[in-house]
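K.L.:
Sending over a structure as structure tokens; questions will come in a sec.
Quick note: the coordinates plus some simple rules give every number you see, no bench work behind them. All of these numbers come straight from a predicted model, not from anything done at the bench. Cβ sites come from the backbone with ideal geometry, for glycine too, and all protein chains shown count toward neighbours.
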Amino acid sequence: MDKVIRVLVVDDSAYVRKVVSQMLSRSPFIEVVGVARDGEEALEKVAELNPDVVTLDLIMPNMDGVTFLKNQMARRPVSVVVCSIASESGELVLSALDAGAIDFVQKPTALATERIMEIADVLIEKVKTAAQVPLAVLKMEPPPAPPVAVLPPSGEAGRLDAIVIGVSTGGPQALKYLIPQLPKDFPVPVGIVLHMPVGYTDMYAKKLDELSNLTVMEAREGLDVAPGVAILAQAGRHMLFQRDADGRVRVHLEVRPFDTPHRPSVDVLFRSAAETYGKRLLGIVMTGMGNDGLQGAAWIKSQGGMIFTEAEETCVVYGMPRSVVEANLSDRSVSIFDMVKAIGDVL
């Protein structure tokens, strides 16, 4: 990393401001340039200090974190990592992601205790990632998406039996743009792995379902994998697609393997789907840090399936797609704005 990342810490707790500042200062690549007690003060400090990244509490007096985000993004986009309590702010976290936050970290407790130190390594890594996000992506205004895409009929003549999607940092926003464009009678099922902490995937699936024409639901054991349904993997458990003796494909949830960087893992879903659907499968690797999905993409290709990757120009973090492209596994690199049309081309 070439330059020191300048960070503004925003939290209404003096203890948390102090401890988060100490945590971040462990890294030689991070400098805490200021702190703020609430959203109002944060707006002033961003204008004054021009930080690279803001760590943001959500539940604050005077001006909460979501209101700060909406105001700040309207003025000048800045990379924001939310740092808040899951049990108190689940809905707010999703609203913050909608408003432009790049990622979030769960505080282990609302109390002024040393447990807050548990998030040190994760927070440092997410701040480093946020600092690399091109501000052009944050400023980017997506073109108006059609309420429902017009897709060619599939059926027996179609080339696909299923689509699987892997996405991480920037994923909530990307899926919110993509999935509502799919029609209610979409001819194949969609499986999605989105890296999120435990406790958020059910809430996010319900939000996405409200916005979408097809049915969106969180994965559960034994769920039928059916056309017109998008199934979001449950945080904390791998999701596999497996064909039963009666020929029907159902969801299987598993805690193993234990050695994956993420649970759920994109690789685990992609491999199970490749073994189930063979060449009639499309895998899509979208914005995210790291290389989850690389091995899974190789499995899909080995079975004759196709792989699309999100183009760098629209990725919040061009990590997961880059790993697939550099391994020569991507059949097509597509911006998020053109992804539904690309899917229609191969249905």
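K.L.:
How do Phe68, Phe29 line up, fewest other C-beta atoms within 10 Å first?
P.N.:
So the ranking, lowest neighbour count to highest, is Phe29, Phe68.
K.L.:
Counting other beta carbons within 10 Å of each Cβ, put Tyr15, Tyr177, Tyr204 in order, fewest first.
P.N.:
Tyr15, Tyr177, Tyr204
K.L.:
Still on this structure, I have one more. If you put +1 on each Lys and Arg Cβ and -1 on each Asp and Glu Cβ, how big is the dipole of the chain around its Cα centre, in Debye rounded to 20?
P.N.:
400
K.L.:
Okay, next question. Using every alpha carbon pair in region 278-333, what percent of pairs falls into each 5 Å bin from 0 up to the bin containing the largest distance?
P.N.:
Bin by bin from 0 Å, the calculated values are 4, 26, 34, 22, 10, 4, 0.
K.L.:
Could you work out the equivalent-ellipsoid semi-axes for region 186-271, taking the square root of 5 times each eigenvalue of the Cα gyration tensor, largest first, in whole Å?
P.N.:
Sorted largest first and rounded, they come to 19, 18, 9 Å.
K.L.:
For region 236-327, place one equal point scatterer on every Cα, skip the solvent, and apply the Debye formula. What is log10 of I(q)/I(0) at q = 0.23 Å⁻¹?
P.N.:
Listed by q, the Debye log ratios stand at -1.14.
K.L.:
Another one. Over the chain, with a Gaussian network built from C-alpha contacts below 10 Å, which listed residue (Gly171, Gly296, Gly158) shows the highest mean-square fluctuation?
P.N.:
Among Gly171, Gly296, Gly158, the largest GNM mean-square fluctuation belongs to Gly158.
K.L.:
Right, another one. Only counting other Cβ atoms within 10 Å, I'd like Ser25, Ser13 sorted with the fewest neighbours first.
P.N.:
Ser25, Ser13
K.L.:
Sticking to Cα atoms, compute the Rg of region 1-43 to one decimal and its Dmax as the biggest Cα-Cα distance, whole number, in Å.
P.N.:
Rg and Dmax of region 1-43, Cα atoms, are 10.8, 32 Å.
K.L.:
Continuing with this model, one more query. Taking every Cα atom in region 259-309, find the radius of gyration and the maximum pairwise distance Dmax, and write them in Å.
P.N.:
10.2, 29
K.L.:
How are the alpha carbon pair distances in region 155-346 distributed across 5 Å bins from zero to the largest one, expressed in percent?
P.N.:
Going from the shortest bin to the longest, the percentages are 1, 9, 18, 23, 24, 16, 6, 1, 0.
K.L.:
Still on this structure: Would you mind listing how long region 5-139 runs along its three principal axes, going by Cα atoms, in whole Å with the largest first?
P.N.:
Between the extreme Cα coordinates on each principal axis of region 5-139 lie 37, 33, 23 Å.
K.L.:
Next question. Can you give the Rg/Rh ratio of the chain, where Rg is from the C-alpha atoms and Rh is the Kirkwood radius?
P.N.:
With Rg and the Kirkwood Rh in hand, the quotient comes to 0.98.
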